[in-house]
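Colleague: Okay, handing you the structure first.
The values are calculated or read from the model by the stated rules, or taken from the named source; none is laboratory data. Everything numeric here is computed off the predicted structure, so don't read it as measured data. Glycine gets a Cβ as well: all are built from the backbone with ideal geometry, and neighbour counts include every protein chain shown. The area values use the complete protein model at the heavy-atom level, side chains included, leaving out ligands, DNA and RNA. Shrake-Rupley method; radii C 1.70, N 1.55, O 1.52, S 1.80 Å.
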Amino acid sequence: KNEVEQSPQNLTAQEGEFITINCSYSVGISALHWLQQHPGGGIVSLFMLSSGKKKHGRLIATINIQEKHSSLHITASHPRDSAVYICAVPKDFGNEKLTFGTGTRLTIIP
Amino acid sequence: EPEVTQTPSHQVTQMGQEVILRCVPISNHLYFYWYRQILGQKVEFLVSFYNNEISEKSEIFDDQFSVERPDGSNFTLKIRSTKLEDSAMYFCASSEGTGGGNSPLHFGNGTRLTVT
């Protein structure tokens with residue numbers, strides 16, 4: 001069973017700051033998902049990555065397969081980035097069943 | 001952009017009643033999922049569905065739960081004889097490929113189920 005740990009649990013930052021959220025997992029995987037959960041509850045998929053780095057706008061996700069670790073970075077953070085960011089991985093390699101982290105609650109203050 | 005749609009957005013039901021949560025996945029997607037999030041807790045996998053059958057299910061997905069794709073567009077989660085602890089947000093998701101590991105997931109906005 002894959003164990004997922006995210007840090008920090010809560011993060012408050014000033015607008016414009018560079019944000020880093022971390023995710024570690026215990027079992028080798030085929031891909032890792034980063035999700036954003038809005039205050040209203042809806043979930044949006046931000047990234048799915050299996051190696052290296054992906055970038056979308058101000059968001060960057062990296063993964064180190066050997067170290068079983070991924071990071072989500074937000075550059076030039078903005079109050080609209082305030083949300084819960086969730087990391088999710090398959091139970092084991094290629095498995096359909098995802099295990100979710102507890103999420104990082106990000107608050108960006110204007 | 002195509003969306004996954006879920007209805008209703010809120011459902012209140014009495015303990016012991018049956019509920020059906022409905023989802024319309026993205027039309028060319030082949031894999032469908034239900035997830036649950038109890039208030040204040042993390043998201044949990046319930047079930048995955050491919051080729052008209054369940055491909056994976058969690059320990060939570062017991063005989064009380066069933067899923068169905070009754071036609072070419074809808075994907076439903078039925079909860080028989082609801083319990084208080086079934087109160088949660090239920091999310092439907094779909095993906096083109098094996099979403100658990102290899103394809104991005106597209107989520108609906110969720111159905112908030114309250115069992116009284």
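Colleague: Ignoring ligands, DNA and RNA and using a 1.4 Å probe, state the total buried accessible area between B and A in Å², rounded to the nearest 100.
Modeller: Numbers: alone 6590 and 5960 Å², together 10760 Å².
Counting both chains, the buried surface is close to 1800 Å².
Colleague: Need one word for chain B: rounded, prolate or oblate. Basis is the Cα gyration tensor (sqrt eigenvalues a ≥ b ≥ c); a/c below 1.5 gives rounded, then a/b vs b/c decides. Write out the running numbers ahead of the final one.
Modeller: On the way: a/c = 1.62, a/b = 1.59, b/c = 1.02.
Verdict is prolate for chain B.
Colleague: Considering the zone a paramagnetic label at A:Arg80 would reach in this model (a point 7 Å from Cα along the Cα-to-Cβ line), which residues of the stretch A:42-60 have amide N under 15 Å from it?
Modeller: Counting backbone N atoms under 15 Å from the label point, the list is A:57-59.
Colleague: Sticking with this structure for a sec: Looking at the stretch B:68-107, which residues lose a minimum of 30 Å² of accessible area between their chain alone and all protein chains in place, measuring with a 1.4 Å probe and not counting ligands or nucleic acids?
Modeller: SASA drop of 30 Å² or more in the stretch B:68-107: B:Phe91, B:Gly100, B:Gly101, B:Asn102, B:Pro104, B:Leu105, B:Phe107.
Colleague: Within 10 Å, count the other beta carbons around each residue, average over each peptide in B:72-84, A:6-18, and list them highest first.
Modeller: Numbers: B:72-84: 14.8, A:6-18: 13.2.
The packing order, highest mean first, is B:72-84, A:6-18.
Colleague: Ignoring ligands, DNA and RNA, what accessible area per residue does the protein assembly as shown give at 1.4 Å, in Å²? Before the final figure, lay out the partial values.
Modeller: Values: 10760 Å² over 226 residues.
I get 48 Å² per residue for this part.
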